């Protein structure tokens, strides 16, 4: 079954949320609209009965402060029971297969899995093998996709620019290894931005990235010209001293987002980053903490966006 | 004090749940009947006020996906507050004794401990040293007992065979190191099955196992003949290449449950396994995932059975 | 900003709870009085709506059975959502700074952080850098302070002695490395006890400890004479075989609290210890488990005292 069909019901509603690929602008816009209702609820109200009686399992095979916590808070604020599975301590350390672990958890009458895994395709694989009453949300799989991150980025952009069609967006950094970049490019294209650029050294660009509908720049000065939104990527320090990169200082000199570089973009251009940031490596502290930075707003928006996706899955219209 | 007296009130009601030993068919049947009421509740109802205001501590000194999760879900669905104690991160790593840890937790006004420990007798030891208002449930202690697993197995059997007295049951595998097997044999005998066989290589049979009321078979062909229920045991891979076993392939050749072997039992014989399963070691995937397998049903039933035990302890009739 | 101002609102109400220093007898007494109302609630009532809709993050960078559990129970019993941050598994292992972790958590709309950290001043540092709607409770920072422990000690003392002004208190053991001792001395002085003594070998006494308003004793016989309350400190075994201490047996011989030593204090003198205790190192089992020991009562009281502090912070009068 194709991914598109897998994550939509026959009526075209969300069943799983695995990747932006195969969705459409209407669904993405509905996610953003739904998130807005959660974001704008009256102060003091922070619990909704949407997932009352449902059990959400946070199945994290990889570390993450903000993603796990935002999913836990999102599910709790929708009144779900949340079961955090600490995979190091679980039966998988006894050699049980991923599928057997999932099957066992399913047998406990749970309703939704939020899965983070270091293997590309893990969430998709699980979704293919679960019975119809269970939904899977991909919280990041290998270098493949991180679609909830992309949606909270779109939500954050829309808080500042109502009209995507006028926007020029630059994605900067280690595109090669970034699941975030893939999902961002798909979402930005689907929502109809004017132009997407990727700016990176050649060694950090995937082959045939142009086929995704982006323009390649190997240079920040040229790449940032006339840009509305700069989406920085996290640089994995473990890539340093490898074939990919010369050195930290060299990288920062060429691709780090400093205040000077930021001034090359359109006046008031907005700066985003999925976190955690490496200060002084891919971004200067003055930019990360500056007025044009939306970084903490992104984290904040993560809860409303994840609530929106969970509630659309559980309550298909 | 004997174990029997320890886990029952003077009126013969459940106070702790440490071992099947010393209980009686009436109590076991009441557990099964109570679990049935939780199992058959109307869809959408999944929370009961039985443990409202009570605090249950999951005290796990050993890894377990399914056991810890089912206890957590069971307690949550009975409206308890659940405190998961991650023992690696706790004060016991500072050298505090088990008893001091327990005493400290008790001082926090908790009501029930679910204990898993690699030492046989740990749950019993704790129950001997806790004040009267606290109850202990044994979630597996060393090679001694795993009574809630045995009860969910009995529940799963009863879903298919109303009358235990006609059943011939075979327990297959590493009986020597299995806390599950001990509890299963006691429960099956107490509920009056017709015959219990254990099938294993000599090196994996405890001395004087016959005294528990079982027949010994060293051979699958003979042992499976006319059997209604096949209860497979998990083989600890760390026993391989030891004095106990020749090799994985040798073991599978002699004692693995393949489709051919399964056909030696009674037509439609049911297959059970406490999990996690070792595919291709003690059981073939075709059997584990086949029509006669109850393995995932066992996991599913674990929640209702544990809810039943917890509620009988908290609300003695 | 001074610590005093930092943890109080302009009206003098609790905003953070970082250290006893800079508070006053009126605030401490209000904490004790509030804790008493939680302690004496009718049986069966164990949940209060005080923190309904609030999110409390347990941010523990160090192990602790009892402190983390009591904070989790306290927050839960005040109806808060509790998010336990397991720091080993979090993004800080990717090299993210403490402040970035905190900023990210804040962005998720949380209301209170309970922080334990091995660096002195960590809670204070965080409080200086959080926006006004967030409160910090110090659950132990390095060798600096452990103010909630000190307050539960004060509460436990007051259950037995209404009038602090008549009491002679001895603090015994590794004062040099103890955050508990610092907070205890400040609280005891603020509540006006008659006399505070510290009893320790010279190598475990901080320089100029007298300036805190205590008398120094290097000898148990002299130091315990006429004492009402003996507050033992935990000895870190890792200090042994160092420059600080000769040997375990030597330490126990000179400073261990045995029954004989206890009899040197005032008749009926009470024994306290913040736990976890080292039996046979700083305290004899007969004393720890004896009639004059308040050790488990201290743990028990920890919940009510922490509920009191949390509710005073959230609901300033």
What distance in nm lies between label points placed 7 Å from Cα along the C-beta direction at residue B:216 and residue A:212? 6.5 nm
Just to be sure I understand the model, the point goes 7 Å from the Cα along the line to the Cβ. What's the resulting residue C:128 to residue C:194 distance in nm? 4.2 nm
Relative to chain A, whose Cα atoms define the longest principal axis, helix A:295-314 and its Cα axis are tilted in degrees, nearest 10, by 30 degrees
Shielding by partners, peptide B:71-84 (average Cβ within 10 angstrom, other chains): 3
The relative contact order of chain A, taking Cα pairs under 8 Å that sit 6 or more residues apart, comes to a percentage of 19 percent
quick note, the range A:147-298, DSSP beta bridge pairs, % antiparallel (nearest 5) is 0 percent
For residue B:192, which inter-copy label distances result when the label point lies 7 Å beyond Cα on the Cα-to-Cβ vector, reported in nm to one decimal and in ascending order? 7.5, 7.5
Tell me, how many Å apart are the Cα centres for the range A:3-27 and for the range C:154-179? 64 Å
Hull surface divided by four, with the convex hull built on the Cα atoms of the protein assembly as shown: how many nm²? 42.2 nm²
Taking beta carbons within 10 Å but only from partner chains, what does the mean come to for residues B:273-281? 4
Expressed as an acute angle from 0 to 90° and rounded to the nearest 10, what is the orientation of the C-alpha long axis of helix B:179-190 relative to the principal long axis of chain B? 90 degrees
Rounded to the nearest angstrom and ordered from largest down, what semi-axes does the equivalent ellipsoid of the range A:147-298 get from its C-alpha gyration tensor (root of 5λ)? 22, 18, 14
Which FRET efficiency value, to the nearest 0.05, is calculated for residue B:6 and residue A:40 with the Förster distance at 60 angstrom and r the Cβ-Cβ distance? 0.55
Semi-axes (Å, rounded, descending) of the ellipsoid equivalent to chain B per its C-alpha gyration tensor are 33, 22, 18
For residue C:13, inter-copy label distances in nm, listed shortest first [label point 7 Å out on the Cα-Cβ vector]: 4.5, 4.5
What do you get for the angle between helix B:25-39 and the principal long axis of chain B? Use alpha-carbon atoms, 0 to 90 degrees, nearest ten. 80 degrees
Once the label point is set 7 Å along the Cα-to-beta-carbon vector, what list of distances in nm do you get between residue C:216 and its counterparts in the other copies? 7.2, 7.2
Taking a crude spin-label model, label points 7 Å out from Cα along the C-beta direction, the residue B:260 to residue A:165 distance in nm is 6.9 nm
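Each reported figure results from applying straightforward, stated rules to the coordinates on display, with no laboratory input. These figures come from a predicted structure and were not determined experimentally. Don't worry about glycine lacking a Cβ; one is built from the backbone with ideal geometry, like all the others, and counts go over all protein chains shown.
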